[in-house]
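Here the structure is laid out as structure tokens; the discussion comes afterwards.
The values are calculated or read from the model by the stated rules, or taken from the named source; none is laboratory data. This is a predicted model, so every value here is computed, not measured. So basically every Cβ, Gly included, is an ideal-geometry build from the backbone, and we count neighbours across all protein chains shown.
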Amino acid sequence: MESFFLYSAVILTAIIAVPAYRVIKGPTVFDRLVGTNAIATKTIVLICLIGYVFDRIGMFVDITLAYAVLGFVGSLTIAKYFSSENTNFRYDD
């Protein structure tokens, strides 16, 4: 069963490349933000899998919760910054 989680972790690491492409080539800042959130979500699962493989799941769950909270607060901060910046534009009719 441990090898299954190890192979799952390797496959999940390869899957992280898909949103990484979106972060690098995204046409807008919001596309890059969504790609970063997708990478963070997959990283949380990856850290839990690694915790199971090392038989220290309790410690790794604490690390993942802290990572999830920091990612969420960071995403909200960046989204708020860029959305408030875009509302200052005037459209002349």
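Kindly evaluate A9 against the criterion of being touching a residue at least 40 places away in the same chain (Cβ under 8 Å) and assigned to a helix (DSSP H, G or I). So that I can check it myself, show each step before the final result.
Numbers: touching a residue at least 40 places away in the same chain (Cβ under 8 Å): yes; assigned to a helix (DSSP H, G or I): yes.
Considered against the rule, which asks whether it is touching a residue at least 40 places away in the same chain (Cβ under 8 Å) and assigned to a helix (DSSP H, G or I), A9 comes out as yes.
Here's the yes/no breakdown for (1) more than 13 Å from the chain's Cα centre (by Cα); (2) under 24 Å from E2 (Cα atoms); (3) hydrophobic (A, V, I, L, M, F, W, C); (4) at pLDDT 90 or above:
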site: T28; (1), (2), (3), (4): yes, no, no, no
site: A40; (1), (2), (3), (4): no, yes, yes, yes
site: Y52; (1), (2), (3), (4): yes, yes, no, no
site: K80; (1), (2), (3), (4): yes, no, no, no
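Would you say T36 is out of contact with any strand residue (DSSP E or B) (no Cβ under 6 Å at 6 or more places or on another chain), buried (at least 17 other Cβ atoms within 10 Å of the Cβ) and either farther than 25 Å from S83 by Cβ or aromatic (F, W, Y) (or both)? Spell out how you get there, then give the answer.
On the way: out of contact with any strand residue (DSSP E or B) (no Cβ under 6 Å at 6 or more places or on another chain): yes; buried (at least 17 other Cβ atoms within 10 Å of the Cβ): yes; either farther than 25 Å from S83 by Cβ or aromatic (F, W, Y) (or both): no.
No: the conditions fail for T36.
Each row is one residue, and each column tells you yes or no for (1) assigned to a helix (DSSP H, G or I); (2) of a type outside the set (G, A, S); (3) surrounded by 15 or more Cβ atoms within 10 Å (Cβ to Cβ); (4) out of contact with any Cys (no Cβ under 6 Å at 6 or more places or on another chain).
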{"position": "A40", "(1), (2), (3), (4)": "yes, no, yes, yes"}
{"position": "I47", "(1), (2), (3), (4)": "yes, yes, yes, yes"}
{"position": "G51", "(1), (2), (3), (4)": "yes, no, yes, yes"}
{"position": "M59", "(1), (2), (3), (4)": "yes, yes, no, yes"}
{"position": "A68", "(1), (2), (3), (4)": "yes, no, yes, yes"}
{"position": "T77", "(1), (2), (3), (4)": "yes, yes, no, yes"}
{"position": "Y81", "(1), (2), (3), (4)": "yes, yes, no, yes"}
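Please enumerate the residues belonging to region 30-88 that are out of contact with any Gly (no Cβ under 7 Å at 6 or more places or on another chain) and among the small types (G, A, S).
Within region 30-88, A38, G51, G58, A66, A68, G71, G74, S75, A79, S83, S84 qualify.
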